[in-house]
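Let me begin by presenting the structure, written as structure tokens, before commenting on it.
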Amino acid sequence: MAVPRLSVVIPMYNEEAVLPLLVSRLRPVLDGLGRTYEVVAVDDGSRDATAAMVTLMRAKWPELRLIRLRRNSGHQAALTAGLHCSRGDHVVTLDADLQDPPEVIAEMLGLAEAQSLDIVYGVRGDRASDTAFKRGTADLYYRLMRRIVGNRMPAGAGDFRLLSRAMVDALRSLPEQAPVYRLLVPWLGFPSGQVVYTREKRAAGTSKYPLAKMINLTVDSIISFTAAPLRLGIWLGVLGALACAVAVVKVLVAYFQGAVVPGWTSLSLVVLFLGAAQLICLGLLGEYVGRIYRGIQARPGYFVGEDSLTEDRRADRRPEPDFHDEPVRPRRAAASADPHLRRPG
């Protein structure tokens with residue numbers, strides 16, 4: 001099989017409702033590029049008919065490739081599996097919900113080739129299709145991440161991006177157990193550009209990024225890239241010391257005034273504050289220690305159960321039967337060793 005020049009990696013989890021719409025929009029775009037390509041559909045342990053539908057679609061779309069993970073490993077792990085298995089000189093990561101329009105891929109590829117860029121971010125210029133709450137939380141997330149990574153991270157850039165083969169190889173060389181590509185990609189500092197587009201509504205199905213997963217992504221992003229939360233203990237300790245100093249002054253004043261009993265309120269507040277600060281610091285320390293423990297275990301973030309490309313290669317190497325050979329004649333029965341059963345001469 002010829003190595004494709006472009007790979008499009010699409011993580012999928014329970015996307016049977018949107019698959020026909022995705023194919024109807026994505027295939028004309030890729031066919032019109034005039035170059036070889038592959039579409040790497042990574043089924044992240046879907047419980048619906050996503051994998052079965054992709055298998056049926058492969059009969060009419062040979063460039064479509066199915067990778068099935070043995071269990072649901074998460075969006076970033078499915079992205080990792082797709083990136084590691086991709087073969088193209090350029091790799092585009094795209095969600096299946098069609099909120100990021102596939103038609104932008106041609107513009108991304110043209111910009112990357114014209115300016116020799118290793119990264120082209122898809123930047124959401126208009127998010128009117130999202131709710132006000134999601135726009136607000138997303139803006140807060142990007143502000144916080146830009147404080148961590150720096151201005152190399154474009155505001156409004158999600159997981160819709162184009163990467164060069166050199167960039168993909170650099171990502172593969174990193175020892176990250178739980179990579180967050182929104183931070184890893186700009187952190188490497190490769191030459192980059194941007195393509196601004198209008199974010200659309202989800203074409204079908206339900207969102208796979210509810211509030212809980214958004215919070216988990218934020219926590220992973222912060223803890224994976226900075227030790228700043230550990231310094232929170234220092235500031236809480238400083239505040240606790242100041243609060244204790246104020247409490248000491250109040251206690252001394254109350255003692256000299258003969259009103260010692262009323263001081264229990266301030267004392268209780270200080271004790272509660274210090275207890276909360278200690279628990280927060282212990283929780284943060286435990287989170288970092290837990291990640292160090294998982295790093296020492298070095299367990300992979302995903303397990304590939306099936307790759308249609310491997311099955312296709314096996315089918316290509318399988319020898320075809322030769323129907324022109326002479327038929328095998330049956331052997332004659334051997335003479336019996338018993339002399340009484342032999343025919344007379």
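Thr36's amide H: which non-local residues (gap 5+, or another chain) put their own amide H closer than 5 Å, with H modeled 1.01 Å from N in plane and none for Pro or chain starts?
So Thr36 has HN proximity to Arg5.
Specify the inter-centroid distance of the stretch 84-144 and the stretch 1-28, based on alpha-carbon positions, in whole Å.
Rounded to whole Å, the Cα centres lie 15 Å apart.
Using mean Cβ contacts within 10 Å as the protection proxy, how do 188-198, 133-143 order, highest first? Present the calculation step by step, with values, prior to reporting the outcome.
Working: 188-198: 16.4, 133-143: 13.7.
Top to bottom by mean Cβ count within 10 Å: 188-198, 133-143.
Rank-order 10-22, 163-175 by packing density, defined as the average count of other C-beta atoms within 10 Å over each peptide's residues, highest first. Can you show the working numbers first?
Numbers: 10-22: 21.2, 163-175: 15.7.
In decreasing order of mean packing, 10-22, 163-175 become 10-22, 163-175.
Can you give the local net charge around Val304? Use residues other than it whose beta-carbon is closer than 14 angstrom to its beta-carbon, Lys and Arg +1, Asp and Glu -1.
On the way: positive: Arg65, Arg68, Arg70, Arg71; negative: Asp43, Asp44, Glu306, Asp307, Glu311.
Counting the neighbours of Val304, the net charge comes to -1.
Which shape class applies to the stretch 1-86: rounded if a/c is under 1.5, otherwise prolate when a/b exceeds b/c and oblate if not, where a ≥ b ≥ c are the square roots of the Cα gyration tensor eigenvalues? Provide the component values of the computation, followed by the final result.
Numbers: a/c = 1.95, a/b = 1.33, b/c = 1.46.
Verdict is oblate for the stretch 1-86.
Excluding ligands, DNA and RNA, what is the solvent-accessible area per residue of the stretch 1-150 at a probe of 1.4 Å, expressed in Å²? Walk me through the intermediate numbers first.
Details: 6290 Å² over 150 residues.
Using a 1.4 Å probe on heavy atoms only, each residue of the stretch 1-150 averages 42 Å².
Within the stretch 53-105, which trypsin sites (Lys or Arg not before Pro) sit in a loop by DSSP and count at most 12 neighbouring Cβ atoms inside 10 Å? Before the final figure, lay out each step's value.
Working: sites: Arg58, Lys60, Arg65, Arg68, Arg70, Arg71, Arg87; in loops: Lys60, Arg70, Arg71, Arg87.
For trypsin sites (Lys or Arg not before Pro) across the stretch 53-105 that sit outside H, G, I, E and B with at most 12 neighbouring Cβ atoms in 10 Å, the list reads Lys60, Arg70, Arg71.
The values are calculated or read from the model by the stated rules, or taken from the named source; none is laboratory data. These numbers were taken from a predicted model, which means no experiment stands behind them. In this analysis, Cβ positions are derived from the backbone assuming ideal geometry, glycine residues included, and neighbour counts consider all displayed protein chains. The accessibility values were calculated without ligands, DNA or RNA, using every heavy atom of the protein model including side chains. Shrake-Rupley method; radii C 1.70, N 1.55, O 1.52, S 1.80 Å.
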